[in-house]
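The values are calculated or read from the model by the stated rules, or taken from the named source; none is laboratory data. For clarity, every value in this text was computed on a predicted model and none was experimentally measured. In this analysis, Cβ positions are derived from the backbone assuming ideal geometry, glycine residues included, and neighbour counts consider all displayed protein chains.
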Amino acid sequence: MTRTSMLSYIFLCTAALWIISAFASAPPAEAGIFERIKSIYKIPAKVNEFRSQYDDLTSTVEGQKAELEATRQAAVDSVARFEEGQRKLQEQNNAYRQQNEALQTQNELLAQRLELLEQEKESKDALIHKAITIAITLIGIILLYFVSMRVLRLTIWRREKRSLGV
């Protein structure tokens, strides 16, 4: 190889390496050892910070647990009151049902009694009507008897009057 070709080869390789390094650059370097030592000495402060955050979260969770327990207890109490109210309403409903049945029985007895009383009144009215009819008929017959007797006597008296002397 000649010298010019070698120079051009080196130039090309250098240019290629530079282009490759420009496009494929490595990530920035990590912090040095001093930075690591500093961060190691800062760890207790961070641990204390994390511990205080943990304690805060723990107290918050405990508070939420207490609130949840209070809410749960209130819900249980509310359910118990609701069930007690439902039980009382059921008992009251049963009492009303029994009272209703007793009143229906009493109503049926009263209806039967009323029907008997109406039948007795109708039979009494029919008896009174028959008695009045019989009484009027008897009075009519008696009056007819008296009238017919008077007419008969009058007729007999007239016949005798004619036969005796007219």
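Test Thr60 against the criterion of being β-branched (Val, Ile, Thr) and either at pLDDT 90 or above or in contact with a Gly (Cβ under 9 Å, 6 or more places away or on another chain) (or both), and give yes or no. Before you say what the answer is, go through the steps one by one.
Numbers: β-branched (Val, Ile, Thr): yes; either at pLDDT 90 or above or in contact with a Gly (Cβ under 9 Å, 6 or more places away or on another chain) (or both): yes.
For Thr60, the condition - β-branched (Val, Ile, Thr) and either at pLDDT 90 or above or in contact with a Gly (Cβ under 9 Å, 6 or more places away or on another chain) (or both) - is met.
Which residue, of Leu164, Leu154, is free of Cβ contacts under 8 Å to residues at least 40 places away in the same chain, loosely packed, with under 10 Cβ neighbours inside 10 Å and over 60 Å from the mean Cα position of the chain (by Cα)? Reasoning before the result, please.
Values: Leu154 fails: loosely packed, with under 10 Cβ neighbours inside 10 Å.
Of the residues listed, the single one that is free of Cβ contacts under 8 Å to residues at least 40 places away in the same chain, loosely packed, with under 10 Cβ neighbours inside 10 Å and over 60 Å from the mean Cα position of the chain (by Cα) is Leu164.
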